[in-house]
Each structure stands twice: as structure tokens, then as C-alpha cells.
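Visitor: Pasting a structure here, questions to come.
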Amino acid sequence: MKILTLPNILSLSRIPLVILFILAFPDIYLALIIFLIYGLTDVLDGYFARKYKQHKNIGIFIDVLADRISAITVVLFLFFYYELELWKFILLGFKDFILVLFGLPLIFKNGYLNLNKPKFFGKKATFFQFITIILIIIQNSLQNLFIFITFIFGFITLVGYGRERSWKLF
């Protein structure tokens, strides 16, 4: 099984891109360009995985791992650097923190995590989280609305995952 496929390389590239994003501050424009490249890699990894039929468990795991590490890092950075209000921090990072909180015990219990391809609401939650982060950085007044939209899609995603057998810890 080939691990270093184009989709996996794109997924893994998100981790150093998040570090570059953080290092780019206080240059907001450079940070936004890096964040847009980060978002593009998230879209392209799925596109190439479908195009080349490379949807394997290891690739899905790498994508999910890169997504969670990146999302949590960015939300924590916004909380500390941008002094993001606590309620915004909680709603914006809710889905990712819960996925890590319940996903890690499953990995340790089973030796793996039973992953499925991304679902509709999960993709929408990620999309809205991405847009919300941009709105927070540029200090747009729509950020509060998008935080709630992100939370709603994230909550629906978690309910959907909770119904699947992979969430059973016992």
C-alpha cells in the first residue's frame, strides 16, 4: 500500500501551513494568503483521492488527523493571539475538540479508528469554520453569525457520527 500519495501529501502539508500561518502574523495579508492555500489543499486532497481512486483508510486517517491538528491549532491561536472571546472559542472549536476527545480513546481501545468518508454536514461545518476564521481575522461583523452556523453544522455532524457504531467506547 502506497502511503505517500498526492492526496496524503496535500493533507500532511496543512500542518506546516498552519505553522506558517501563525508565523505570518501580524502581517494579516500574508496570513490570509497562507490560510487560503491551506483551504485549497483541503479541497484538492479530496478531489485527487476521488479522481485517482485513492480513498484508503490510511488516507482518510491522515486527512482527519491533519484537519483536527490544524483546526484546533488555529482556534487556539485565535483565542490567545486575537483574544477571541470564550464563547466564540468554544463554539468555533466545539466539533474538533469533541472529535479528538472521543476519537483518541477509540484509537487506543481498538488500535484503529473506524473512519468513514466525510459526510455532507461535516464538509459544511469545515467550510463554514474556514470562512468564519477568515471573517475573524479581517474583523468582519458577520463573524458572529458564521460562528453560530459553524456550530450548528458541527453539532449536526457530531450527532450523525454519534449514531454510527464507531463512536461506541464500551
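The values are calculated or read from the model by the stated rules, or taken from the named source; none is laboratory data. Just so it is clear, the structure is predicted and the values come from calculations on it, not from any experiment. Positions of Cβ are generated from backbone atoms using ideal geometry, with glycine treated the same way; all protein chains shown enter the neighbour counts. We work out accessible area using only protein heavy atoms, side chains counted, and drop any ligands, DNA or RNA first. Shrake-Rupley method; radii C 1.70, N 1.55, O 1.52, S 1.80 Å.
Visitor: Taking 0.36 nm per intervening residue step and subtracting the Cα-Cα distance, what contour gain separates residue 148 from residue 85 on full extension?
Guide: Extending this stretch completely gives an extra 21.3 nm.
Visitor: Order 34, 147, 98 by their accessible area, 1.4 angstrom probe, all chains in place, largest first.
Guide: Largest to smallest exposure gives the sequence 98, 34, 147.
Visitor: Among 101, 92, 32, determine the one that fluctuates most according to a GNM of the chain built with springs between C-alpha atoms less than 10 Å apart.
Guide: Greatest mean-square fluctuation among the candidates belongs to 101.
Visitor: Could I ask something else about it? Comparing 22, 33, 152, which has the greatest mean-square fluctuation in the GNM of the chain with Cα pairs linked when under 10 Å apart?
Guide: 33
Visitor: What is the helix-to-structure angle for 28-51, meaning the angle in degrees between its Cα long axis and the longest Cα principal axis of the chain, kept from 0 to 90 and rounded to the nearest 10?
Guide: On a 0 to 90 degree scale, this one is about 20.
Visitor: Going through the range 1-90, which trypsin sites (Lys or Arg not before Pro) have at most 12 other Cβ atoms within 10 Å and a DSSP loop state?
Guide: Answer in residue order: 2, 53.
Visitor: Among 136, 157, 94, which residue has its Cα furthest toward the positive end of the charge dipole of the chain, with +1 on Lys/Arg Cβ and -1 on Asp/Glu Cβ?
Guide: Of the listed residues, the answer is 157.
Visitor: For the chain, what is the relative contact order in percent, using Cα pairs closer than 8 Å and at least 6 residues apart in sequence?
Guide: 21 percent
Visitor: Gaussian network model of the chain, Cα springs within a sub-10 Å range: biggest mean-square fluctuation belongs to which of 158, 104, 36?
Guide: Of the options given, 104 has the highest mean-square fluctuation.
Visitor: Let me ask another. Might you tell me the accessible area per residue for the chain, computed with a 1.4 Å probe and given in Å²?
Guide: For the chain, the per-residue accessible area is 58 Å².
Visitor: Based on the Cβ-Cβ distance from residue 2 to residue 155, what FRET efficiency comes out when R0 is 41 Å, to the nearest 0.05?
Guide: Once the sixth-power term is evaluated, E becomes 0.65.
Visitor: Treat every Asp and Glu Cβ in the chain as -1 and every Lys and Arg Cβ as +1, leave all other atoms uncharged, and give the resulting dipole magnitude about the Cα centre to the nearest 20 debye.
Guide: Its charge dipole is roughly 940 debye.
Visitor: Moving on. For the range 86-104 and the range 42-84, what is the centre-to-centre distance using only Cα atoms, to the nearest Å?
Guide: If we compute the Cα centre of each part, the gap is 14 Å.
Visitor: A further question follows. For the range 1-58, with only Lys/Arg (+1) and Asp/Glu (-1) charged at the beta-carbon, what is the dipole magnitude about the Cα centre, in debye rounded to 20?
Guide: 440 debye
Visitor: Still on this model: So what is the calculated 222 nm ellipticity per residue for the chain, using -39500 (n - 2.57) for each DSSP H run with n of 4 or more, over all residues, to the nearest 500 deg cm²/dmol?
Guide: Helix contribution divided over all residues of the chain: -27000 deg cm²/dmol.
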